[in-house]
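This report concerns only the one structure given below.
The values are calculated or read from the model by the stated rules, or taken from the named source; none is laboratory data. All figures in this text were calculated on a predicted structure; none of them were measured in a lab. Cβ: placed from backbone, ideal geometry, glycine included. Neighbour counts: every protein chain shown. Areas reflect the complete protein model, heavy atoms only, side chains present, ligands, DNA and RNA absent. Shrake-Rupley method; radii C 1.70, N 1.55, O 1.52, S 1.80 Å.
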Amino acid sequence: MKLGLIGGGNIGKFLLQSINSDKLVDGAQFVGLYTRNQEKANELAEEYDLRSYQSIDELIASDIDVIVEAATVDVVRAHATSVLTHGKDLVVSSVGAFSDNDYFLQLETICKEQGTTIHLPSGAVGGLDILKAAKAIGALQEVSLTTTKPPHALNGVTLENKTVLFEGNAYEAIKQFPKNINVSIILSLAGLGSKETKVKIIADPKATKNSHEITAKGAFGKVKLVVENDPMPNNPKTSYLAALSVLSTLKHKDQSIKVG
Ligand SMILES: NC(=O)C1=CN([C@@H]2O[C@H](COP(=O)(O)OP(=O)(O)OC[C@H]3O[C@@H](n4cnc5c(N)ncnc54)[C@H](OP(=O)(O)O)[C@@H]3O)[C@@H](O)[C@H]2O)C=CC1
Ligand SMILES: O=C([O-])CC(=O)C(=O)O
């Protein structure tokens with residue numbers, strides 16, 4: 001499986017190390033990369049033995065099977081259609097790009113026409129299996145997410161006390177915090193949609209973890225799940241689990257037996 005990477009930040013570098021150096025995904029290798037900073041792109045290309053492209057369009061047009069995005073919500077919105085119409089599968093880290101249901105359905109139609117697949121990793125949360133199972137018979141009634149991070153992992157403003165920065169739905173949350181609350185959109189896609197998924201974002205100067213508390217109820221009963229994530233060393237905004245979940249998606253992509 002020939003992989004192309006967009007974005008050479010935390011998640012991107014983690015994937016390069018795990019797949020090209022540590023060989024953690026059988027038969028897979030990143031062969032091409034585009035990241036905004038060309039100097040960084042060239043360094044990564046050298047270190048991990050792959051080709052650095054001058055543009056995302058060139059990377060997409062190259063001889064690769066799967067594009068892995070680890071950049072931004074805007075990058076996904078600008079290039080997802082092109083990836084799919086070039087007949088490539090797409091693995092997305094910035095799942096916040098799919099907050100708009102019409103856009104999501106548009107891409108789904110392209111996938112069906114092209115025989116391609118978009119893979120959306122669970123990211124820094126869990127519990128998607130429960131939401132999907134309950135939703136399957138329309139038995140899901142309520143989903144809420146409360147995310148608590150230290151201020152430097154959110155808007156960076158110095159705070160003395162725990163402060164609620166946002167309260168509303170997932171659709172508005174990702175507009176205001178596109179680098180921090182992708183998790184609300186994966187929960188929306190598994191569950192009730194971005195307009196019906198409640199989100200609270202709290203900045204807590206005493207917090208040392210990126211924590212996500214998910215509560216849901218429906219005909220199945222109710223669930224409360226708290227994920228206390230360790231941040232990645234080079235980007236406190238991003239939890240380690242988010243990077244692990246992209247790696248896991250690639251590892252299980254073509255497996256014959258699907259768990260969960
Ligand atoms: N689904 C989830 O649960 C989670 C999702 N995320 C999301 O995953 C994405 C990646 O996260 P992470 O690696 O930590 O972020 P980083 O900020 O560490 O890295 C993002 C990289 O994207 C690159 N980039 C930015 N704009 C462009 C562009 N226009 N074209 C190409 N590359 C670009 C930057 O490149 P350069 O350095 O070259 O300028 C940067 O290296 C983010 O959108 C983040 O919000 C994060 C955590 C959880
Ligand atoms: O990594 C996390 O804890 C969550 C995050 O940034 C996001 O969902 O965008």
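State all residues of the range 25-45 that are within 15 Å of ligand 1 (Cβ to nearest atom) and surrounded by fewer than 16 Cβ atoms within 10 Å (Cβ to Cβ); if no residue qualifies, say none.
If the condition is that a residue be within 15 Å of ligand 1 (Cβ to nearest atom) and surrounded by fewer than 16 Cβ atoms within 10 Å (Cβ to Cβ), then ARG36, ASN37, GLN38, GLU39, ASN42, GLU43 are the ones that fit.
Give just the number: which of (1) within 11 Å of ligand 2 (Cβ to nearest atom); (2) farther than 28 Å from ALA136 by Cα; (3) touching a helix residue (DSSP H, G or I) at 6+ places or on another chain (Cβ under 9 Å) does LYS209 not satisfy?
(3)
Take the range 12-33 and flag every residue that is of a type in the set (Gly, Ala, Ser) and assigned to a helix (DSSP H, G or I).
GLY12, SER18, SER21, listed by residue number.
Looking at this structure, is LEU154 in contact with a Phe, Trp or Tyr (Cβ under 8 Å, 6 or more places away or on another chain) and farther than 24 Å from ILE130 by Cβ?
Considered against the rule, which asks whether it is in contact with a Phe, Trp or Tyr (Cβ under 8 Å, 6 or more places away or on another chain) and farther than 24 Å from ILE130 by Cβ, LEU154 comes out as yes.
Could you give every pair whose Cβ atoms fall below 7 Å, whose first residue belongs to the range 231-260 and is away from ligand 2 (no atom under 16 Å from the Cβ), and whose second residue is open to solvent by 60 Å² or more (accessible area, probe 1.4 Å) and part of a helix (DSSP H, G or I), counting only separations of at least 6 or pairs across chains?
Listed pairs, sorted by first residue: GLY260/ASP129.
On the basis of being touching an Asp or Glu at 6+ places or on another chain (Cβ under 6 Å) and charged (D, E, K, R), does LYS195 make the cut?
Here the answer is no, as LYS195 does not meet what is asked.
Select from the range 1-24 the residues that are surrounded by fewer than 20 Cβ atoms within 10 Å (Cβ to Cβ) and among the aliphatic types (A, V, I, L, M) and write down the one among them that is farthest from LYS237 (Cα to Cα).
MET1
Going by the conditions given, is ASN229 of a type in the set (S, T, N, Q), open to solvent by 50 Å² or more (accessible area, probe 1.4 Å) and more than 26 Å from ASP100 (Cα to Cα)?
The answer is no for ASN229.
Would you pick out the residues in the range 171-200 that are in contact with a Lys or Arg (Cβ under 8 Å, 6 or more places away or on another chain), surrounded by 19 or more Cβ atoms within 10 Å (Cβ to Cβ) and either of a type outside the set (S, T, N, Q) or outside the structural domain of THR146 (by the TED database) (or both)?
TYR171, ALA190, GLY191, LEU192
Of the residues LYS175, LYS149, which single one is within 14 Å of ligand 2 (Cβ to nearest atom) and closer than 20 Å to SER239 by Cβ?
Selected residue: LYS149, the only one of LYS175, LYS149 that is within 14 Å of ligand 2 (Cβ to nearest atom) and closer than 20 Å to SER239 by Cβ.
For the structure I just gave you, tell me whether LYS224 is of a type in the set (Lys, Arg), exposed (fewer than 15 other Cβ atoms within 10 Å of the Cβ) and more than 12 Å from ligand 1 (Cβ to nearest atom).
Spelling it out, LYS224 is indeed of a type in the set (Lys, Arg), exposed (fewer than 15 other Cβ atoms within 10 Å of the Cβ) and more than 12 Å from ligand 1 (Cβ to nearest atom).
Within the set of pairs 6+ apart or on separate chains, which have a first residue in the range 15-34 that is touching a residue at least 40 places away in the same chain (Cβ under 8 Å) and farther than 13 Å from TYR48 by Cα, a second that is in a strand (DSSP E or B) and among the hydrophobic types (A, V, I, L, M, F, W, C), and C-beta atoms under 9 Å apart?
Between residues of the range 15-34 that are touching a residue at least 40 places away in the same chain (Cβ under 8 Å) and farther than 13 Å from TYR48 by Cα and residues that are in a strand (DSSP E or B) and among the hydrophobic types (A, V, I, L, M, F, W, C), the close pairs are VAL25/LEU3; ALA28/LEU3; ALA28/VAL66.
Restricting attention to the range 89-137, which residues are within 20 Å of GLU172 (Cα to Cα), away from ligand 2 (no atom under 16 Å from the Cβ) and assigned to a helix (DSSP H, G or I)?
Selection gives ASN101, ASP102, TYR103, PHE104, LEU105.
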